[in-house]
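The values are calculated or read from the model by the stated rules, or taken from the named source; none is laboratory data. On a predicted model such as this, the values are computed, not experimentally measured, just so you know. We work out accessible area using only protein heavy atoms, side chains counted, and drop any ligands, DNA or RNA first. Shrake-Rupley method; radii C 1.70, N 1.55, O 1.52, S 1.80 Å.
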Amino acid sequence: MGSKKDLAVNFLTRWLGKRSMKVKIFLGILLAFCAIVILRYTITEPEFFYFASGSIHIAGLVILVYKLFVYKTCSGLSLKFQELNAAFLAIRLGLSIHMEGDYRTVFDCIYLLLTLTIIWLMRFRLKSSYIKEFDNMWLSFLVVPSAILAVLIHPRSPQYYWIARVIFAFTLYLETVAILPQIRYMQNAKMIETFTGYYVFALGISRFLALAYWIIHIYETGGRYLFFFGYGYYWMVVLQVIEFVQSFILADFCYYYIKSFMEGQLLKKMPV
């Protein structure tokens with residue numbers, strides 16, 4: 001059975017390798033659509049998507065912490081990515097406590113604690129294994145546009161101060177692009193380190209579940225969910241665009257991760 005399975009995997013890998021990029025994109029979209037349809041008819045509790053997404057995200061962070069403690073190396077990890085994560089999580093956690101204070105606050109607290117642990121290990125315990133030359137993306141290219149966009153486009157909620165609404169939007173925009181330093185790091189290294197691959201793939205699945213929730217909810221409400229706060233108010237549309245952008249950024253990595261996994265080698269060369 002094992003040999004037949006390997007033959008099937010090898011055949012599928014070779015077949016995909018011969019397809020054009022347009023075909024691969026089409027197959028990826030088709031696969032995502034089928035997954036969303038299955039989720040639509042099998043999941044009856046909407047909150048499942050958020051809990052599943054959050055749990056997978058936490059699992060990815062736990063994998064990183066495990067790698068750092070057990071293998072005592074932070075090779076393959078972008079410190080700038082982790083610091084961006086800590087920044088927007090700390091800000092969002094403060095806003096969440098003030099505005100909502102629900103289970104999302106608990107998830108953000110866990111994210112932040114695990115991320116700070118990773119940063120501490122990378123900066124102090126495992127500093128010698130951190131390759132700074134690969135982590136060369138300028139954070140100002142991400143932070144400044146996010147801040148400008150937040151000032152221009154943010155939710156209009158009269159019950160909250162203007163500055164609170166702008167900061168909230170800023171955390172969402174920054175979260176959308178925060179993964180780019182990690183992607184850039186892997187491109188510079190030209191390798192996907194195994195545990196880093198697990199982590200980024202977990203982020204991709206987490207974002208897909210969040211996107212699936214939005215798509216299913218919009219479908220079930222006949223598009224009315226996009227105007228949840230009233231027609232002429234497009235903040236929900238902006239949130240949907242953010243989800244698509246995050247998913248698109250991670251989709252390319254997830255493709256190469258799955259391809260590497262099918263070929264039995266997670267330390268896979270990245271396209272530059």
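Using θ = phi - 60° and the Karplus form 6.51 cos²θ - 1.76 cosθ + 1.60, what ³J(HN,Hα) does each residue of the stretch 47-59 get, whole Hz, x for Gly and Pro?
5, 4, 4, 5, 5, 5, 4, x, 5, 5, 4, 5, 4
Could you tell me whether the stretch 87-154 comes out rounded, prolate or oblate from its Cα gyration tensor? Rule is a ≥ b ≥ c as square roots of the eigenvalues, rounded for a/c under 1.5, then prolate if a/b exceeds b/c, otherwise oblate.
The shape class here is oblate.
In whole Hz, what ³J(HN,Hα) sequence does the stretch 39-45 give by Karplus (6.51, -1.76, 1.60; θ = phi - 60°), x for Gly and Pro?
Per residue, the Karplus-derived 3J(HN,Hα) values read 4, 4, 9, 10, 9, 9, 9 Hz.
Which whole-Hz couplings ³J(HN,Hα) result when phi for each residue of the stretch 127-137 is put into the Karplus expression 6.51 cos²θ - 1.76 cosθ + 1.60, θ = phi - 60°, listed in order with x for Gly and Pro?
Residue by residue, the stretch 127-137 yields 4, 5, 9, 7, 9, 5, 4, 7, 9, 10, 6 Hz.
Among CYS109, CYS74, what's the order by accessible area (1.4 angstrom probe), most exposed first?
Ranked from most to least accessible, the order is CYS109, CYS74.
P(r) tail for the stretch 36-118, what percent of Cα pairs lie past 17 Å?
Considering the stretch 36-118, 56 percent of its Cα-Cα pairs are separated by more than 17 Å.
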